[in-house]
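Please read the structure below before turning to the comments.
Taken together, the values in this text are just the output of simple stated rules run on the coordinates, not laboratory data. Predicted model, so just to flag it, every value in this text is computed and none were measured. So basically every Cβ, Gly included, is an ideal-geometry build from the backbone, and we count neighbours across all protein chains shown.
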Amino acid sequence: MNIILLGPPGAGKGTQAKMIEEKFGLVQLSTGDMLRAAVAEGTEIGKKAKGIMERGDLVPDDIVVSIIADRIDEDDCQDGFVLDGFPRNAAQAQALDVMLAEKGIGLQHVIEMKVDADVLVERITGRYTCGSCGAGYHDIYKPVAKDGVCDNCGSEDLKRRPDDTAETVRSRLEVYSRETEPLLPYYGEKAILRQVDGMAAMDAVAQSINSILAA
């Protein structure tokens, strides 16, 4: 079973992909992680990507698709995979389809995690983590018990990501709306698109996704 999770930044795709991986025995594929791994391993494609990434440029679609192609050939992907964060636009979706068709495999589900933009901005801008142990917190949903102190390890090294500002988040949402939302009719025409409420509690979202996959 091969799956794509769609949704804007902060929708929780990575979290749900990990839960799908654990429940259904599929492999979570994050293009960012795969690119970094290819660079670290010094593969031929990794070497091409390294210089591009060091310049701060976007890695071309053909390189990303090649890395995905190599990854899904590995033994642990034979039961299926979950693509998290790819494709991001129609050109990438078409390139992915061509590559999968060449391998004689296809996609069974594309699941969109629908979110409310204003609530998502609140969700992202309010989050912070402990720089020592990595524990995650949120101003509203999960504040620390004692101001400025990590509940888990007692460290006072609490950090926010510099790009977790309202302006940056809204800009990323605009990019998603412009580039990625056109994928919805693309996959809708293939009759493999399903939608879940991405604003529900994490376990409720997981239950909705599990129902789709189990069916």
Subject >> Cross-link table K48/K190; K18/K114; K13/K48; K114/K190, entries beyond 23 Å C-alpha to C-alpha >> reply: K48/K190; K13/K48
**OP:** May I ask for the distance between the Cα centers of segment 173-212 and segment 47-124, given as a whole number of Å?
**Re:** 15 Å
Subject >> Kirkwood-type radius of segment 1-80, with distances r between different C-alpha atoms, in Å >> reply: 13.7 Å
**OP:** For segment 29-132, just list the percent of Cα-Cα distances falling in each 5 Å bin from zero outward, please.
**Re:** 2, 10, 18, 19, 17, 14, 13, 6, 2, 0
Original post:
Taking K and R as +1 and D and E as -1, what net charge do the other residues with C-beta under 12 Å from the C-beta of A95 add up to?
Top reply: -3
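For n ≥ 4 DSSP H runs only, could you compute -39500 (n - 2.57) per run for the chain, divide by its residues and tell me the 222 nm figure to the nearest 500?
Helix contribution divided over all residues of the chain: -13500 deg cm²/dmol.
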Original post:
When we measure straight from the Cα of K146, which aspartates and glutamates land under 17 angstrom away, once same-chain ones fewer than 8 places off are left out?
Top reply: E156, D157
Subject >> Intensity falloff of the chain expressed as log10 I(q)/I(0), Debye formula with alpha-carbon point scatterers, at q = 0.10, 0.12 Å⁻¹ >> reply: -0.50, -0.72
Original post:
Convex hull volume of the Cα atoms in segment 94-215, per residue, in Å³?
Top reply: 158 Å³
Original post:
For the chain, with only Lys/Arg (+1) and Asp/Glu (-1) charged at the beta-carbon, what is the dipole magnitude about the Cα centre, in debye rounded to 20?
Top reply: 260 debye
**OP:** Give the angle, between 0 and 90 degrees and rounded to the nearest 10, that separates the Cα long axis of helix 31-41 from the longest principal axis of the Cα atoms of the chain.
**Re:** 80 degrees
**OP:** With unit charges on the beta carbon (Lys/Arg positive, Asp/Glu negative), name the residue among P182, V115, G148 whose Cα is farthest towards the positive pole of the charge dipole of the chain.
**Re:** G148
Original post:
With a Cα-only, solvent-free Debye model of segment 37-76, what are the log10 I(q)/I(0) values at q = 0.28, 0.29, 0.31 Å⁻¹?
Top reply: -0.97, -1.02, -1.10
Original post:
Normalised by the number of residues in the chain, what is the relative contact order in percent for Cα pairs under 8 Å and 6+ residues apart?
Top reply: 27 percent
Original post:
Using the C-alpha atoms of segment 88-150, what convex hull volume per residue, in cubic angstrom, is computed?
Top reply: 162 Å³
**OP:** Please give the net charge around D61, taking every other residue with its beta carbon less than 14 angstrom from that of D61, where Lys and Arg add +1 and Asp and Glu add -1.
**Re:** -2
Original post:
Which Cα, out of G51, G80, V39, lies furthest along the positive dipole direction of segment 1-83 (beta carbon charges, K/R +1, D/E -1)?
Top reply: G51
**OP:** Can you tell me the alpha carbon radius of gyration of segment 149-201 divided by the globular rule-of-thumb value 2.2 N^0.38 Å?
**Re:** 1.81
Original post:
Just in segment 93-164: which chymotrypsin sites (Phe, Trp or Tyr not before Pro) are loop by DSSP and have at most 13 other Cβ atoms within 10 Å?
Top reply: Y141
Original post:
What are the aspartates and glutamates whose alpha-carbon lies under 18 Å from the alpha-carbon of K47, with same-chain residues fewer than 8 places away excluded?
Top reply: D33, D57, D61, D62, D70
**OP:** Mind ranking 43-52, 158-167 by how tightly packed they are, going by the mean number of other C-beta atoms within 10 angstrom, highest first?
**Re:** 43-52, 158-167
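Between A90 and C133, what's the calculated FRET efficiency when r is the beta-carbon distance and R0 is 45 Å? Round to 0.05.
Working: r = 41 Å, r/R0 = 0.91.
The calculated FRET efficiency here is 0.65.
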